[in-house]
Structures are given as C-alpha cells and as structure tokens.
Amino acid sequence: MATKLEKSEKSINIGISDEQRSKIATALGNLLADSYMLYLKTHNYHWNVTGMNFQSLHSMFEEQYTELAVAIDEIAEQIRILGHYAPGSFKEYSKRTSITEEEGLPDDRTMVKKLQEANEAVIRTARKVIPLCEEAGDEASMDLATQRIATHSKVAWMLRSHLH
C-alpha cells in the first residue's frame, strides 16, 4: 500500500529515485503503524495493570510508551522527508499493522508477554525497511530502522527477563 505523494514530490532530488522513495515510505508507514499500535497497547497496559508487580510494570510501561511517542514522530517525519504523506488514522494503522489487539484486559504476566511479542513484531517490520534502504543508498531511513530494531530488541529482552 503506497503512501500518498506530496504534489511537489517530483521536485525532490536527493539521489534516491521516486520509486525507491515510495517503497521506503511505504515500509516506514508500516513501521509507523506497528509503532503506533504498540504505543496504544503499552499505554493501555500502563493505565490498567494490577497485581503484585503493579509499581514496577506501571513505571516500565510509562517509560516504554514515552519513548514510542518520540519514535512515532521521527518515523512520520522521515516519511515526509521522502516526499510522502505519513499515515495518521487509526483506520489506516489497523489495516497496516502486524500487531494484534485482544479483547479485555489480560493479567499482568500476560501483559508483559503480549508486549514482548508486539516489540518483536515491530523488530520484524523494521527489518523489512533495511534492504530497501540499502538498495537506494538511503542511510537516514536505514539508521532510523536500525535504531528502532536496537530499541525494541532491548525492550523485548527486558520483558522476557521479567517473565523468568
């Protein structure tokens, strides 16, 4: 699903073809959708976690969704830099995300497990951006994807460690 082009998109001459910029923007749009859905899930769990681990999980989830809020903006801005409009509706995110939503609220341990799985899903989505960037020589988009992989890998590890 290609992102919509700016009217001035054809006037962008940054050494990356229109087709390559479109493919990268589409892949970044998928990363944006996953990141936003993970943000919503994490924020929801932050508000609603209960149990013996309430304080530590409440604080950890807040740290995670706060970091995601910044990342979402950076991803959307990179899409704009490439001359495309960033997807910005829940309807579009729902179509493009690989992160599943569940009904109701799970217990605290299941919340941690679901966030681990969702962070791993974001990693897989970010990995799909890299070959497109390598082919196009788009170091900026590749750096952004690499940073997201590193961040979500660390978060997934921390969440897995919570479960042992």
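The values are calculated or read from the model by the stated rules, or taken from the named source; none is laboratory data. Just so it is clear, the model here is predicted, and its values are computed rather than measured. Quick reminder, even Gly has a Cβ in these numbers, built from the backbone with ideal geometry, and neighbours come from all protein chains shown.
Among the residues in the stretch 44-59, are any small (Gly, Ala, Ser) and within 18 Å of CYS133 (Cα to Cα)? Taking every residue of the stretch 44-59 in turn, none turns out to be small (Gly, Ala, Ser) and within 18 Å of CYS133 (Cα to Cα).
Quick one: is LYS113 part of a helix (DSSP H, G or I) and either surrounded by fewer than 13 Cβ atoms within 10 Å (Cβ to Cβ) or touching a strand residue (DSSP E or B) at 6+ places or on another chain (Cβ under 6 Å) (or both)? Spelling it out, it is not the case that LYS113 is part of a helix (DSSP H, G or I) and either surrounded by fewer than 13 Cβ atoms within 10 Å (Cβ to Cβ) or touching a strand residue (DSSP E or B) at 6+ places or on another chain (Cβ under 6 Å) (or both).
For first residues located in the stretch 130-147 and farther than 17 Å from ASN30 by Cα and at pLDDT 95 or above, partners that are charged (D, E, K, R) and part of a helix (DSSP H, G or I) and lie 6+ apart or on another chain with Cβ distances below 7 Å do not occur. The listed residues are ASP138, ASP73, ASP107, and the only one of them that is touching a Ser or Thr at 6+ places or on another chain (Cβ under 9 Å), on the phi < 0 side of the Ramachandran plot and of a type in the set (Asp, Glu) turns out to be ASP107.
Each row is one residue, and each column tells you yes or no for (1) surrounded by fewer than 19 Cβ atoms within 10 Å (Cβ to Cβ); (2) part of a loop (DSSP other than H, G, I, E, B).
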{"position": "GLY104", "(1), (2)": "yes, yes"}
{"position": "GLU117", "(1), (2)": "yes, no"}
{"position": "ALA126", "(1), (2)": "no, no"}
{"position": "ALA145", "(1), (2)": "no, no"}
{"position": "SER161", "(1), (2)": "yes, no"}
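Looking only at the stretch 41-56, residues that are out of contact with any Pro (no Cβ under 9 Å at 6 or more places or on another chain) and either surrounded by 17 or more Cβ atoms within 10 Å (Cβ to Cβ) or acidic (Asp, Glu) (or both) come to 5 in all. Based on what the data block shows, is ASP107 among the acidic types (Asp, Glu), over 18 Å from THR42 (Cα atoms) and at pLDDT 95 or above? Judged against the criteria, ASP107 is not a match. Quick one: would you say SER98 is surrounded by fewer than 17 Cβ atoms within 10 Å (Cβ to Cβ), under 18 Å from the mean Cα position of the chain (by Cα) and at pLDDT 95 or above? For SER98, the condition - surrounded by fewer than 17 Cβ atoms within 10 Å (Cβ to Cβ), under 18 Å from the mean Cα position of the chain (by Cα) and at pLDDT 95 or above - is met. Restrict the check to the stretch 17-34 and report whether at least one residue is touching a Phe, Trp or Tyr at 6+ places or on another chain (Cβ under 6 Å), closer than 19 Å to ALA145 by Cα and in a helix (DSSP H, G or I). There is at least one residue in the stretch 17-34 that is touching a Phe, Trp or Tyr at 6+ places or on another chain (Cβ under 6 Å), closer than 19 Å to ALA145 by Cα and in a helix (DSSP H, G or I).
The one condition from (1) surrounded by 13 or more Cβ atoms within 10 Å (Cβ to Cβ); (2) within 20 Å of ALA27 (Cβ to Cβ); (3) among the hydroxyl-bearing types (Ser, Thr, Tyr) that SER89 does not meet is (1).
Beta carbons closer than 6 Å, at least 6 apart along the sequence or on distinct chains, pair a first residue in the stretch 45-57 that is polar (S, T, N, Q) with a second that is at pLDDT 95 or above and surrounded by 11 or more Cβ atoms within 10 Å (Cβ to Cβ) for ASN53/ASP108. In summary, GLU62 fulfils each of the numbered conditions (1) buried (at least 21 other Cβ atoms within 10 Å of the Cβ); (2) of a type outside the set (A, V, I, L, M); (3) assigned to a helix (DSSP H, G or I) with the single exception of condition (1). Look at the stretch 82-105: where a residue is closer than 11 Å to LEU32 by Cα and a partner is of a type in the set (S, T, N, Q) and in a loop (DSSP other than H, G, I, E, B), sitting 6+ places away or on another chain with Cβ atoms under 7 Å, you get PRO87/THR3.
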